[in-house]
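Have a look at the structure below before the remarks.
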Amino acid sequence: MTRRQRVDDLTTLALPEAPALAPDGGEIVYVLKTVDESADRDTRSLWRVGTTSGAPRRLTHGSADFAPAWSPDGKQVAFLRGAGGPAQVWLLPVDGGEPERLTALPLGAGAPAWSPDGTRIAFTAPVDLRAAPGEEDQDRALRATEPVVTERLDYRADGAGLFGTVRDHLHVVDVQARQCRQVTDGDWHASGPAWSPDSARLAFSATMAPNADLVFRAPAYVLDVTDPAAVPELAGLADGVCDSVTWTGDGAALLVIGRADSAVGHAGLLRVPLGDGAPVENLAAALDRNVMLARTGYSPVLPQLIEGEQPWCSACGTAAALTCTRQPLTAPALPSRSSRAPGGARRASRWAGRPAQAPPGRPRPRSRSSSSPPPPASVRS
């Protein structure tokens, strides 16, 4: 005989979060959130399980391990560990061995993103513009208690609080050399990075305009990380809003969730060509609703390239099938929720869980990972 659940039962629940699919599709690494009732806190550790069979196995024994990301060869997992201080990027051999810390940044690091060739990891990290080289922790703590003086409206954000002089900027770690360098700088925030297929460039959005707090614009930028002297170059949407960004399979264009202007309205799935002067194309123009945006408390659902070239996008309960054969992408008629693949079998798109983010160009909260609910199933026609 079972009993009704009680409030005390909440501390016994173990909840999976942020699943990361292995490159060969055979395994998943995920975050398991439990409750340490005696310490009155949530704990998170990494677990591993097969996609078709096998029992889950624990990978890490930390109390604040989250944001896992597989290396392209499937041999390592990069993740964030936040126990005892700001979260840092760690590296774990999947088949056995102790995790190794890759970063030691004063204010911590953001979710890791592997380059396709597996040689580098990119991420955003908070940087204090007033910090002096080699300053001590007590100097930072003292500055954090000072009054915040601002002449702009974007001095704070929901879920992130007051920014002060802290800005999010892109960093890159050389995995073999174990060297980390900051690749962007300035009085603006950079969004999460997306690697180009050739592992040479990063795409991201940023609010660099002096009046971006009055007329919100977040264009897309591209940075050549192979050149230490390179600066971000405007890729498109100069007067628009770029939220989530990724690349097409051939690297000739960006796939952006956002708008080509800053007007109030639905966000689309935009194809932003690079360098050929072609116009921006809304691949989800036929969709009569928002393409899901990344916001604090929500899980951003980026378009996922499957079978090399075909992107899929889940948007508020409707699956938008978009075709690409190394030519400009087009949006055919959208299948209904009840559509089925040939032969009557329902086909779901591959989904990669990502941590929740704040609006583009604004930092997200870093105290803990956010739960990433799975998006609606995409249906292949």
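Binning the C-alpha pair distances of the stretch 44-130 at 10 Å intervals from 0 yields a P(r) profile of 17, 48, 28, 6, 1, 0 %, listed from the shortest bin outward. Residue ranges 142-152, 276-286, 164-174 sort as 164-174, 276-286, 142-152 when ordered by packing (mean number of other C-beta atoms within 10 Å per residue, highest first). Each of the peptides 252-259, 14-21 was scored by the mean count of other Cβ atoms within 10 Å over its residues; in descending order, highest first, they stand as 252-259, 14-21.
Where a number appears in this text, it was derived from the coordinates with a stated rule and is not lab data. From a predicted model like this one, the values you see are computed outputs, not experimental measurements. Here Cβ is always computed from backbone atoms with ideal geometry, including for glycine, and neighbour counts include all displayed protein chains.
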